[in-house]
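The values are calculated or read from the model by the stated rules, or taken from the named source; none is laboratory data. Treat the numbers as computed from the prediction; the structure is a model and nothing was measured. Please note: Cβ atoms are built from the backbone with ideal geometry, for glycine as well, and neighbour counts cover all protein chains shown. SASA here: full protein model, heavy atoms, side chains in, ligands and nucleic acids out. Shrake-Rupley method; radii C 1.70, N 1.55, O 1.52, S 1.80 Å.
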Amino acid sequence: MKRRNFVKQSGLFAITAGIVKDLRNLERLAKSQSNKPIVIATWNNHKAVMQAWEILSKDGYALDAVEAGARIPEQDPEDTSVGYGGFPDREGRVTLDACIMDSEGNAGSVLFLQGIMHPVSVARLVMEKTPHVYLSGEGAKIFALENGFKEEKLLTDKAKQAYEQWKEKQQYVPKITPEQHDTIGILAMDSKGRLSGACTTSGMAFKMHGRVGDSPIIGSGLYVDNQIGAAAATGLGEAVIKKVGSFSIVEMMRNGMNPEKACKKAIARLTEIKGPKDFQVGYIAIDKSGAFGAYSLKKGFPYVIVRNGQVELLQAGFLQG
Ligand code: SD4
């Protein structure tokens with residue numbers, strides 16, 4: 001065979017083999033949809049997944065389930081990483097980030113939102129009512145108020161106290177222990193096999209005013225591809241953003257990796273980042289077959305799932321003890 005023809009033919013073979021592999025993977029994911037409905041969330045967000053399950057168990061839409069679930073920590077004054085109870089930034093202001101994605105590939109997000117308790121619901125409205133994906137700051141707030149959201153004082157006494165204490169030393173140390181973290185990433189597949197996800201946070205405590213983390217960034221804090229699966233992140237947002245964490249996990253699942261392996265690989269990639277090493281990141285993921293997994297950089301990343309009405313708190317595998 002002439003060299004040119006050989007090169008042409010082997011190129012064609014590689015493309016065909018690639019397509020066959022993709023089709024097989026899609027077929028495998030579509031066939032084994034016995035694990036639905038299912039909902040999974042970061043940390044011990046037990047009440048949130050149960051709220052989501054309420055909707056999923058009645059054949060409701062995964063999008064409604066993840067929104068309802070995410071609203072639980074948002075309104076909890078004891079949750080110091082999300083919504084109402086969230087710790088403030090260096091100026092003493094609570095600024096919130098959230099995003100949501102549905103099974104059609106739509107996305108909505110709010111960044112640096114102040115005075116509104118439910119950023120996840122504002123993000124959903126951005127997705128459903130505007131031609132945009134991201135609304136930030138004052139614009140996001142005006143949009144929320146115009147759409148019936150109430151302005152509320154978000155700094156709880158507990159958060160204010162923590163802020164006063166922080167001001168004494170004014171050291172910014174990214175939080176790594178599970179006790180200090182609880183940003184919620186929540187992913188669901190409903191009884192019809194539709195995937196959706198949401199992520200909501202007050203961000204890193206005592207961050208610079210105006211700082212936005214990974215949580216509202218589509219592909220970083222959250223990614224959903226209804227053909228393949230979904231992933232969400234928690235932990236040091238700057239690290240997740242640099243590696244586009246959630247999107248990379250979904251792409252690894254597209255190439256045939258199971259959710260846990262994909263999370264593990266995405267965690268391993270964080271070690272390539274230059275800069276501070278002492279931080280935590282945790283990923284969760286589900287695929288279209290209802291398989292799920294999680295992985296974290298440091299020890300101590302619990303996550304919670306509900307299947308068949310049973311809630312389970314599980315510990316993710318980790319890279320560094
Ligand atoms: C952020 N990823 O803003 C969030 C923080 C977080 O639990 O997950 N806290 O970087």
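Structure values in brief
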item: Matching option when the condition is of a type outside the set (Lys, Arg), part of a loop (DSSP other than H, G, I, E, B) and away from the ligand (no atom under 14 Å from the Cβ), among GLU151, GLU164, GLU138, GLU168; result: GLU151
item: Selection from segment 237-260 of residues that are within 16 Å of the ligand (Cβ to nearest atom), in contact with a strand residue (DSSP E or B) (Cβ under 6 Å, 6 or more places away or on another chain) and of a type outside the set (S, T, N, Q); result: ALA239, VAL240, GLY245, PHE247, ILE249
item: Test: ALA144 is open to solvent by less than 80 Å² (accessible area, probe 1.4 Å), in contact with a helix residue (DSSP H, G or I) (Cβ under 7 Å, 6 or more places away or on another chain) and outside any loop (DSSP other than H, G, I, E, B); result: yes
item: Lone unmet requirement of (1) polar (S, T, N, Q); (2) over 22 Å from THR201 (Cβ atoms); (3) within 15 Å of the ligand (Cβ to nearest atom) for GLN280; result: (2)
item: Selection count where residues are in a strand (DSSP E or B) and open to solvent by less than 10 Å² (accessible area, probe 1.4 Å), scope segment 181-232; result: 19
item: Count of residues meeting criterion [open to solvent by less than 40 Å² (accessible area, probe 1.4 Å) and either without any contact (Cβ under 8 Å) to a residue 12 or more places away in the chain or within 29 Å of MET189 (Cβ to Cβ) (or both)] in segment 103-138; result: 21
item: Number of the condition not met by LYS175 [criteria: (1) open to solvent by 10 Å² or more (accessible area, probe 1.4 Å); (2) of a type in the set (D, E, K, R); (3) modelled with pLDDT of 95 or more; (4) within 8 Å of the ligand (Cβ to nearest atom)]; result: (3)
item: Boolean, ALA232 is modelled with pLDDT under 95 and within 15 Å of the ligand (Cβ to nearest atom); result: no
item: Answer from ASP225, ASP157, ASP182 - the residue that is in contact (Cβ under 8 Å) with a residue 60 or more places away in the chain and away from the ligand (no atom under 11 Å from the Cβ); result: ASP225
item: Selection count where residues are within 17 Å of PHE247 (Cβ to Cβ), under 18 Å from the mean Cα position of the chain (by Cα) and not aliphatic (A, V, I, L, M), scope segment 266-280; result: 1
item: Matching residues, segment 258-288, being touching a Lys or Arg at 6+ places or on another chain (Cβ under 7 Å) and open to solvent by 10 Å² or more (accessible area, probe 1.4 Å); result: ARG269, ILE273
